[in-house]
Amino acid sequence: MTPIDESLISGRERLDEEMAALEGSIGYDETAYALPVTYAVTGMAVHDAGSAREAYAASGSSVLVAGECLAAAGYAAGGEEGEPYTGFVPDTVLRRLGYSLVDGSIAGIGLVAGSPDDADAAAAICREMQEKYLLTFLAGGVIQTLTEAGVKVGLEYRLVPLGSTGMAAIHFADIIARVAMMFGGVQPGDADRLLNYAAERAKAFVIAFPGLEDEEIAVIDGLRVLSIPILTPEGYEGGEWIRVPYLDAVREGMERRGIRVNVVAIPIPMACSPAFEGKSIRKEEMYVEFGGAKAPAFELLRVRPADEVEDGRVEVIGPEVGDLEEGSAVPLAILVDVAGASMKKDYEPVLERRIHTFLNYGEGSWHVAQRDLVWVRLTKDVVRRGVAIADLGRLLASKFRMEFPDLIDAVQVTLVTDRERVEAMLEEARAIYDERDERIAGMKDEDVGTYYSCTLCQTFAPNHVCIITPERPALCGAITWLDAKIAYEIAPAGANQPVEKGELIDPVLGQFEGVNRFVKKASHGAVDRVSLYGMMDEPMTCCGCFECIATILPEVNGIMIVNRDYLGDTPLGMTFSTLAGTIGGGAQTPGFVGISKGYILSDRFLQAENGIERVVWMPSLLKDELKGRLEEKLERMSIPELFDKIADETVAVSIEDLAEFLARVDHPALAMRPLI
Amino acid sequence: MSEEHNPEQGNRILEVSLGATTAEGGTRERVYTVGGAGTFPFLGAGPAAGHPPRIALEICDDTRTWSPIVLREVGDLAGDTGAWAAAAETTFGADMVRLFFTSTRQRGFDDFASLGTTMEEVIGATKYPLIVEGSTEPGIDSEVYRRIGEAAEGERILLGTAEADRYRSVAASALAYGHALVAQTPIDINLAKQLNILLHETGLPPERIVIDPYTGTLGYGFEYSYSVMERIRSVALQGDADLARPMISSAIDSLNVKEVREADPETADEVAIRWEFYAAFSALVAGAEIVCVRHPGTVALLREALPALQEGSHPQEEAYGDESA
Amino acid sequence: MAMKALDIYKLLPKTNCKKCGFPTCLAFAMKLASGKVDVDLCPDLDEQTRELLGGATRPPIRLVGIGAGERSFAVGEEFVLYRHERTFYHQPGLMMQVADTWPGERIERIMTRVRDETFHRVGEDLSVDGIAFRCESGDADQFGGVVGMVEACASLPEVVIADDPEAQAAALAHCGNFQPLIHAACADTVEAMCDLARKYGCALAVRAGDLEELKRLVGLCRDRGIENLMLDPAPATLRDFLVRSVEIRRRAVERTDPDLGYPVVFDTVPIDLPDAATALGILKYAGVIIIDELAPSSTMAALTLRQNIYTDPQKPIQVTPGLYPVNAPTGSAPVLMTVNFSLTYFTLLGYLEAAGIPCYLFIVDTEGMSVLTAVAGGKLTETVVADAIKKTDLENRVDHRILIIPGYAAPLSGKIEEETGWEVRVGPRDAAEIGEYLETGWEA
Ligand code: SF4
Ligand code: SF4
Ligand code: SF4
């Protein structure tokens, strides 16, 4: 075991001595950046021993500067190593490399240094790095170890042999320095920007094997200022180096620097594309089915800690497709475990819904419903072509990685077909579903400091902004607060943005200073203020895709709600579509507001106008749809009789009939403070 | 009479410079700056008027899908990309050439070396800033944009086209080889903002991005594009920095529409020119800083009309004038 | 400033008497707020309220009619500066000029063109709207003679361009009863021109290069009881027109300058950039555009631009649903289903024609929505497709049972198969790929 701390001290001393002894001219060819690290850090273009020492002093005796000056002095003295070593990488090659990094065809870069005792371990690490689209640089004995073990090295293999000693590690640093200057706009001499750039963008890590000399250790350790983690599987102790088993080294390095690989192909013998999304599988075409009403089945996606999720792992517990007879109905549990640094438990339901979409992408797979109601089929055709149950897992694992590259670092899928186990797990799953529902249902506006916006509809209604709160889902009914929050976290540049609600201006109207500020900006100045809980003063704008419209009926001092599916006339004298035509387009129309069905059940429903108690009319279709939940709500409010006092088209279509009906049933709205 | 309507004094369209002179590491004789306006097009006076718009003539390296009307008009030039490019500047009077590497759009394209050669040829044949369009196939983007970018290193070409799900190679090429890029988002203002943010994350500075709101052809959705351009400009002037970028407009399908394709051969040129002209001219009025057309005759017509839209007693000079060496 | 429905409602009688034709006062208020009806429809308003509501809800730009009969048109009644804010309602009339000094055949040729030349696009016949007579001879009799000659063989909307009231009088003697536009009164002639406008009851344009002077002229005309006015800002360059027309429109729609609340006339002839000026007039708020004799290639493009700009941005243009043969198909040709959103249709048609593959374009009614929105909005469903198959008698038109649907409609493929019994293939998402798809992926 080499103690890092001690090596650093003696390594630094050696570097100091060598710097003091430096003579003659110094420099690389084929670069416009002099000695790149030195140039980036100090702004000085070193060309001889004198200027090297000056720069070294100016850098505050940086080990990287020392290492670079010494290496470049070797070059100038003609000490360049020949094949297979590349030595200093010229600018032209580097530009391409930088290109590939931005372009994504290289996910990140790694340096493997030292002389591994175990050739297989080194080879395995390099292979893994190749597979993960990393460009690997090699410095020291590892190169010989690999070549002897039959591993091919060279730029074309994405294994770049820098030099025969650990000192070649300095070229790893000069590459990063040049990328920062070429691509990151870092000016020579602006060391702070360089460090910032490296911290934010350098997708790089080092794996150190045993056998490094003290000064090599010092130089490699120096890379840490560039936010490059140094991982070591064996041979070192102390210092800031991170010890990991060699099997985990690459994953650890990638995770620490947020390096992600874009999955491109799905490794299953079945085509997979949105084109197959709507294909249904008829009974005659089916080889096997899961769930439906015929066998217990469910799906569950859970967020797990990174060390419990092995990326890409797919396991089938119970019979595989080969063990099943044609036409059989089988139990199934689809368990998807995901891990990711920014994953949250809240995302589970949203991601879980994607299982449906993804399984339907398969040419011969079909999926309906969700949670414990799922029903999955596989066709004879694809089973004949070798598709197995495990392939559904592979499909899911790849698709989740592809669609959420920034969110999900690892996915593993377990498919259980064993009846007993499925039944046992089903209870557990149901408990989780209930818990999720409660969490959403119980959420109150005052519990959160941030609402979300949606501006998707600005395509059609240029100044429209939806503000979505836990108790006021979007007017289109498609987006809840949680959906919007997650959409934002998954795609921070998307149409859903966080809205700090800021100071409360009016608790009844639901006006917030922060919301107003946001709306003003997002509506391009068209809307100054918005009341979240009212329709008379500065109501929210309507884009046109509201599920329902709530309007006042001044004659009866009440509110009428009409939903999109109702085609008939209303007591206002306008149908849904004429109404929609007059209030849509992103305008604020006091007395009229677009709402979702869900909002009708909310405690915040138009509270500024006395909420549900003010509602005097809605189409029977809507009333039926909401019946159970609305009755429950009215029960809670101790006004169960209200349900029958709300008129529908069967009792009144004209305002006159409505007035009569309301008087007859003594609707509370008649006695409320006048709306106008 | 108040000659000016400036709703929000102060907000300006970002300026983007295209082309690099020898002193700047390129070989262009002119550098164009586009953008800078603080009002709706042609309404401003003085600095708020911004820089003059530019007219580009589109050419290609593989003419198989190019309009036969244009091919007839340019004759032998079509077989010699360099000469075609040179003629665009000298004979046809365009401010710049927009070169489409249409060869990359053939199935199974793999002659990557030709891209560099053609690029160098066109650079050698021209003196003004260039716009270059690469592949549309994600599978070859990486290679295509690297070759083009590398061959044009230092020239600060305007490289197209980045889209929300395909921007990395274009951005990488712009970053690595010092170019500007075109960011396209089909007729949606929110998507345009989103792409800007993605590009920002790659590290590309905003002064190197020109946005392309996508221009539908006259009679085939042009109205959407017209309004999107007006909206982008209006939102930009209200202070939305994400959209305060110069716009490029090209109704690329103009010469494929029925009206043009089926025109009487006698008048086909006239029809083609008008179809391009009405869209390009309208795009200028809606806020486009660079308009692109394919028929040389359209360039001439635009050339003639532009000065009459611009301020000042010598508009002609301004329209032709370059702003640097 | 415009009023909201509720504020209007507060001023109405609230009796729901239905005399306005609307079932409730609130419904009437909503229509009023959107400028779609006139306040006068409610008979029970006092004078003050009527005026207040009228001022706030009447279109900020007056509607002015030109011509009589079939091809007459009206301009004005616009509300916005940019079409994305709502829409532009009344497209400008293009009036092709003839001068009284021109030889008879030339005049006749133009007259015939204007009368007969139309071309058909997206379910509309497009044509130049009328004739503008320009007095260049300075001779009232000669001018009147030319107007009379044209008047005898065409009933077209007309503009009479003459600064001299006598020449106007001579022309109006022939055409005055057909609502021509009198162009144009200036400070010296305003009185005489107003007399003519009153006599014939037709619209009058006032002309001045300065907005204040224009407003003064408008005031003089109104004092003389002439309300049917148009404004000619007398531009010498394209930029003059742009700047002045924008300013007029802005002040009118902001209701800050009611004297500018009239449609604009753009005489493009003096500018000598016919295409650019015509396009600019269409884009920037002209109500009447006087053009020189443009070639058909120009009028076709100009009229198409006009059709585009005056399309309601919130209402997609539709194609009639049905079965459209492309490239002379036979019974075994592929059937490509898509929606009746015109853009989708034309884009697809363009690519199919270019590919030269015989096929049927099978358009189903999605109320003009694009594939994506129609699928999402439930406008494209298996029943819609099944109905369309029946309606078009598709089963007897082709000898196979394979339907190619757009890539974005893939989620419906199974349901369509079930409902129709046809085999469904999912085509590409992008119309540009259709040629390749048919070449490689299709066989019946
Ligand atoms: S209606 Fe729905 S989709 Fe449209 S902006 Fe609001 S939340 Fe977004
Ligand atoms: S109303 Fe519906 S269709 Fe219209 S923009 Fe909003 S979401 Fe889209
Ligand atoms: S006529 Fe007047 S009072 Fe009668 S319903 Fe109409 S708006 Fe109301």
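Descriptive notes on the structure:
- Qualifying residue in region A:395-411 (condition: over 30 Å from residue A:526 (Cβ atoms), free of Cβ contacts under 8 Å to residues at least 12 places away in the same chain, more than 16 Å from ligand 2 (Cβ to nearest atom) and in the same structural domain as residue A:350 (by TED's automatic domain parsing)): no
- Within region B:1-106, strands (runs of 3 or more DSSP E) holding 3 or more residues that are in contact (Cβ under 8 Å) with a residue 60 or more places away in the chain and buried (at least 16 other Cβ atoms within 10 Å of the Cβ): B:16-18, B:32-34, B:54-60
- Some residue of region A:620-634 being part of a helix (DSSP H, G or I) and within 22 Å of residue C:14 (Cβ to Cβ): no
- Just so you know, in region A:471-485 the residues that are assigned to a loop (DSSP other than H, G, I, E, B) and within 9 Å of ligand 1 (Cβ to nearest atom) include one that is farthest from the other protein chains (Cβ to nearest Cβ), and it is A:473.
- Residue in region A:459-470 that is near ligand 1 (Cβ under 8 Å from one of its atoms), within 14 Å of chain B (Cβ to nearest Cβ) and not in a loop (DSSP other than H, G, I, E, B) present: yes
- Some residue of region A:561-579 being at pLDDT 95 or above, within 16 Å of ligand 1 (Cβ to nearest atom) and either closer than 18 Å to residue C:26 by Cα or outside the structural domain of residue A:502 (by TED's automatic domain parsing) (or both): no
- Of all residues in region A:513-523, one or more are within 13 Å of chain B (Cβ to nearest Cβ), within 16 Å of ligand 2 (Cβ to nearest atom) and over 23 Å from residue A:600 (Cα atoms).
- If you filter region A:564-575 down to residues that are more than 9 Å from chain C (Cβ to nearest Cβ) and away from ligand 2 (no atom under 13 Å from the Cβ), you find that the one that is farthest from residue C:7 (Cα to Cα) is A:565.
- Residue C:54 at pLDDT below 90, at positive phi and either in contact with a His (Cβ under 6 Å, 6 or more places away or on another chain) or more than 10 Å from chain A (Cβ to nearest Cβ) (or both): no
- Residues of region A:414-435 satisfying the condition of being charged (D, E, K, R) and loosely packed, with under 13 Cβ neighbours inside 10 Å: A:420, A:427, A:428, A:434, A:435
- Within region B:249-281, tally of residues that are assigned to a loop (DSSP other than H, G, I, E, B), at the interface with chain C (Cβ under 8 Å from one of its Cβ atoms) and under 17 Å from the mean Cα position of the chain (by Cα): 1
- Region C:12-34, residues that are near ligand 3 (Cβ under 6 Å from one of its atoms) and more than 9 Å from chain A (Cβ to nearest Cβ): C:12, C:13, C:15, C:17, C:19, C:20
- Checking residue C:72 against (1) crowded, with 22+ Cβ neighbours inside 10 Å; (2) more than 16 Å from ligand 3 (Cβ to nearest atom), the condition it does not meet: (1)
- Selection status of residue B:126, modelled with pLDDT of 95 or more, surrounded by 21 or more Cβ atoms within 10 Å (Cβ to Cβ) and polar (S, T, N, Q): yes
- Residues (over 30 Å from residue C:172 (Cα atoms) and surrounded by fewer than 18 Cβ atoms within 10 Å (Cβ to Cβ)) located in region C:54-69: C:54, C:55
- For the condition at pLDDT 85 or above, more than 23 Å from residue B:24 (Cβ to Cβ) and β-branched (Val, Ile, Thr), residue B:187 does not qualify.
- Note on region B:200-223: among residues that are without any contact (Cβ under 8 Å) to a residue 40 or more places away in the chain and more than 10 Å from chain A (Cβ to nearest Cβ), the one that is farthest from residue B:40 (Cα to Cα) is B:220.
- Among residues of region C:250-275, those that are among the aliphatic types (A, V, I, L, M), in a helix (DSSP H, G or I) and away from every other protein chain (no Cβ under 11 Å), counted: 4
- Verdict on residue A:223 being more than 14 Å from every other protein chain (Cβ to nearest Cβ), part of a helix (DSSP H, G or I) and surrounded by fewer than 19 Cβ atoms within 10 Å (Cβ to Cβ): no
- Criterion: in contact with a strand residue (DSSP E or B) (Cβ under 9 Å, 6 or more places away or on another chain), under 19 Å from residue B:130 (Cβ atoms) and either at pLDDT below 95 or part of a helix (DSSP H, G or I) (or both) - qualifying residue of B:302, B:284, B:306: B:302
- Test: residue in region A:638-658 that is under 44 Å from the mean Cα position of the chain (by Cα) and either surrounded by 19 or more Cβ atoms within 10 Å (Cβ to Cβ) or of a type in the set (Phe, Trp, Tyr) (or both): yes
- Consider region A:486-504 and keep the residues that are more than 12 Å from chain B (Cβ to nearest Cβ) and in contact with a Ser or Thr (Cβ under 8 Å, 6 or more places away or on another chain). The one that is nearest to ligand 2 (Cβ to nearest atom) is A:499.
- Residues within region A:591-616 that are assigned to a loop (DSSP other than H, G, I, E, B) and touching a Pro at 6+ places or on another chain (Cβ under 6 Å), tallied: 1
- Subset of region A:540-563 that is under 38 Å from the mean Cα position of the chain (by Cα) and facing chain C (nearest Cβ under 10 Å) - its residue that is nearest to ligand 3 (Cβ to nearest atom): A:544
The values are calculated or read from the model by the stated rules, or taken from the named source; none is laboratory data. Here the structure is a predicted model, which is why all the values come from computation and not from measurement. Here Cβ is always computed from backbone atoms with ideal geometry, including for glycine, and neighbour counts include all displayed protein chains.
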